[in-house]
1. Between R392, R376, R354, R400, which is assigned to a loop (DSSP other than H, G, I, E, B) and modelled with pLDDT of 95 or more?
2. Enumerate the pairs (first residue in segment 67-95 and among the basic types (K, R); second residue anywhere and not in a helix (DSSP H, G or I)) with beta-carbon separation below 9 Å, excluding pairs fewer than 6 apart on the same chain, so at least 6 apart or on different chains.
3. For residues that are at pLDDT below 90 and not in a loop (DSSP other than H, G, I, E, B), scanning just segment 357-373, find the one that is surrounded by the fewest Cβ atoms within 10 Å (Cβ to Cβ).
4. Select from segment 54-84 the residues that are surrounded by fewer than 17 Cβ atoms within 10 Å (Cβ to Cβ) and touching a strand residue (DSSP E or B) at 6+ places or on another chain (Cβ under 7 Å) and write down the one among them that is nearest to V18 (Cα to Cα).
5. Considering only segment 209-226, how many residues are modelled with pLDDT of 95 or more and either of a type in the set (K, R) or under 11 Å from the mean Cα position of the chain (by Cα) (or both)?
6. Within segment 115-134, identify whether any single residue is at positive phi and either among the basic types (K, R) or under 32 Å from the mean Cα position of the chain (by Cα) (or both), and answer yes or no.
Amino acid sequence: MSLFPLFADLQQRPVLVVGGGMVAERKVEALLKAGAQVTVGAPELAAGLVRLRDAGRITHHAEPYREAWLDGVWLVVAATSDVVVNRLVAAAAAARRIFVNVVDDAQLSSFHVPAVIDRAPLTIAISSGGAAPMFARLLRERLEATLDHALGPLAALAARFRKRIRARHAAPAARRAFYERLFNGPVADLLRRQQPLQAEAALAASLRETVAPVRGSVVLVGAGPGDPGLLTLKALRALNEADVILHDRLVSCEILELARRDAIRIEVGKEAGRHHTTQDGIHALMLEHARAGQRVVRLKGGDPFVFGRGGEELEFLRDHDIAFEVVPGITAAVACAAYAGVPLTHRDHAQSLRLVTAHCQSSLDTLDWVALAQERQTLAVYMGVGELAALRDRLLEHGRAAGTPFALIENGSRAQQRVIVGTLAQLPEQAHRHAVRSPALLILGEVAALATRLHWFGAAPLGVDPHTPCDALASLPLRTQAAADEDLGRMRCRAA
């Protein structure tokens, strides 16, 4: 974000609009609505501005632009059709450190007029920084249809009761819980039915009710692989209600930006060879903040129950009598495969799917390699970037064909996504050649060959001759080992 959003109080403050046409008229009307004392400078005025002048609502300088008009004003709008005049106004305003908006010229403007949704006293402003004002207007139209017109009266009623609400609910968590009940409860419903007196009485009665102490809780939330568009509605709601967010290292900044601005964010990321916070430390943080009456979101990449140690964390919370719930996320295997164009199952190639973790040698030693080496199944390997050579060797030793296709998906679903494809025999060398780094998910099996034909997100896959027929590559594991090795040699020659 390059602009700092703010709402200016222009009540009884002098503002200058240079220009007298229809565009200037729209700006003047908005400024008057904000309570500004508006002066319009232009030799001639549009009919609407003439009426405002004759009604005494604006002051008019009926002459060509003069720099002296800027004396004592707080804000300037240049809305003429003369580019030279607009530039003179912008330069004079900048020299005097006065904010200026030059209509349809973002480069000359030091502030921009947003598209506005008015639910007074609530105001929602949407700006593209002058880059795409039509998009801002279209978004405003979409939001207008979804925002209840009772929001304004509800906000005004809450403002009148603000001191009483703060006195009744001194603790921030209790006060926030009260406002949530107010926003979603019977008071808002009465205002929707145009019954303001009954709504006020209901609000006053709610302040006399005995309210149980706010009890802290923990929500395990799956953040998915990184694309914020893959968050569930429940996950988004939990982020907006959180007091404290304990998030993994790989949770994207775009997802964290969706959380409450005043929520405490604590990174508890872990990666191979470097732990910021131990699992016991994460347990202690959840317990500390929940016992303080706060809403804690334990935000995990992917899904909390797929190699996310979510079960351990719930057991800890249950043992310490902390209320919890779980919001599942889209696990990396499902999301990364989809964004790489790889179906995890396929009627012709794979009738089963195995999710495997291979983040260290000890985890490799626990796997059933005979079962994993079977053909016509898909392996989705989590956290395996550091063990690709060992993974390849174990599978080959137990009979998996050297020509089995793989797709290695780095930063799946994110703007930086890369897909590296090849065959099992090439796996560690291809990863090294393309400097693959975590987070990366390995998909191994016949279906991985489809990445070269079905990719739709980001750049085309790397690591294989793009002219190699996808069907031929997909059929390699079904041939004899010798035939697979022979085809692999031919493919390397063509790529060279």
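The values are calculated or read from the model by the stated rules, or taken from the named source; none is laboratory data. None of the values given here were measured: they were computed from a predicted structure. Every residue, glycine as well, gets a Cβ built from its backbone with ideal geometry; the counts of neighbours run over all protein chains shown.
1. Among R392, R376, R354, R400, only R400 is assigned to a loop (DSSP other than H, G, I, E, B) and modelled with pLDDT of 95 or more.
2. Matching pairs, first to second residue: R87/A78; R87/V102; R87/D105.
3. By that ranking, first place goes to S362.
4. Once the filter is applied, the top-ranked residue is T59.
5. Total satisfying the criteria: 1.
6. yes
Residue-by-condition table, conditions (1) in contact (Cβ under 8 Å) with a residue 40 or more places away in the chain; (2) farther than 19 Å from G224 by Cβ; (3) out of contact with any Gly (no Cβ under 8 Å at 6 or more places or on another chain):
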| position | (1), (2), (3) |
| --- | --- |
| T277 | no, yes, no |
| G281 | no, yes, yes |
| G301 | yes, no, no |
| R318 | no, yes, yes |
| G341 | yes, no, yes |
| Q351 | no, yes, yes |
| H359 | yes, yes, no |
| S363 | no, yes, yes |
